[in-house]
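The values are calculated or read from the model by the stated rules, or taken from the named source; none is laboratory data. Computed from a predicted structure; not experimentally measured. Every residue, glycine among them, receives a Cβ derived from its backbone with ideal geometry; neighbour counts consider all protein chains shown. Calculation scope for accessible area: heavy atoms of the full protein, side chains included, ligands and nucleic acids excluded. Shrake-Rupley method; radii C 1.70, N 1.55, O 1.52, S 1.80 Å.
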Amino acid sequence: EGIEVNGVGNVICYNQITHFADAISVYRGASDCDVYNNNAIHHGDDAIEVDYSGPNTRIFDNRFSYTGANGISFQPYVGGPCYVVRNLVFNVDENTVKDRYGARGAVFINNTMVAYRANSIIRYAFARNNLFITDGGQALRYHAEDLKRNPRTLDLDHNGYNAKLAAHKYQRYGKA
């Protein structure tokens, strides 16, 4: 890990982080943390992980690029809401947003997400004024099964896309 924090009220700012597995981990039990104005480039796994962290994690004004896997990892995020504001996530090998194991509760505002494949978004997300760009495939994929049960689980408005939106049935525990 480049920087890993646990606990309440951590601030991670103004760092140049290069050549780690994960650049930043706001990890188990962390809450009310701010991560801003960081430049995370060339990592083997994720640029930032908020895996198992708690409420009010704020990620803003960062640049996450050239990661070996994902940009922002919610695997899962259990505290909600997580605020993701004015970040640039590009040239990631897998997804700009990693969504696994039922992560939910994030606010995405004024971000630019550039992916080789599809950009993903987590459940119960609120997204405004984001730009979702992809080289091929879907500009944004979301959880179709959630929208069938409750159409208010995803709130997208005033976002820009260069390709189509696509419902995606995610694999869970090895089953489609």
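Just a few scattered comments:
- Failed condition for F108, given (1) under 17 Å from N119 (Cβ atoms); (2) not in a strand (DSSP E or B): (2)
- Evaluation of F64 against (1) modelled with pLDDT under 95; (2) open to solvent by less than 30 Å² (accessible area, probe 1.4 Å); (3) under 19 Å from I121 (Cα atoms) (one fails), failing number: (1)
- Within region 1-47, the residues that satisfy the criterion of being in contact with a Ser or Thr (Cβ under 7 Å, 6 or more places away or on another chain) and crowded, with 20+ Cβ neighbours inside 10 Å are V26, A30, C33, H43, D46, A47.
- Which listed residue is farther than 24 Å from N119 by Cβ and among the polar types (S, T, N, Q), from N10, N70, N39: N10
- Only one of V84, V78, V92 that is at pLDDT 90 or above, of a type in the set (V, I, T) and within 27 Å of R28 (Cα to Cα): V84
- Considering each residue of region 53-60 in turn, none proves to be buried (at least 16 other Cβ atoms within 10 Å of the Cβ) and within 22 Å of R117 (Cα to Cα).
- In the set (1) within 18 Å of N119 (Cβ to Cβ); (2) open to solvent by 50 Å² or more (accessible area, probe 1.4 Å); (3) in contact with a Ser or Thr (Cβ under 9 Å, 6 or more places away or on another chain); (4) not in a loop (DSSP other than H, G, I, E, B), E94 fails one condition alone, (4).
- Within region 71-82, the set of residues being touching a Ser or Thr at 6+ places or on another chain (Cβ under 7 Å) and either assigned to a loop (DSSP other than H, G, I, E, B) or surrounded by fewer than 24 Cβ atoms within 10 Å (Cβ to Cβ) (or both) comprises G71, Y77, G79.
- Residues located in region 123-141, provided they are within 22 Å of D93 (Cβ to Cβ), crowded, with 21+ Cβ neighbours inside 10 Å and within 14 Å of the chain's Cα centre (by Cα): N130, F132, L140, R141
- Candidate set from region 142-170 (those that are modelled with pLDDT of 75 or more and part of a strand (DSSP E or B)); member that is surrounded by the most Cβ atoms within 10 Å (Cβ to Cβ): L154
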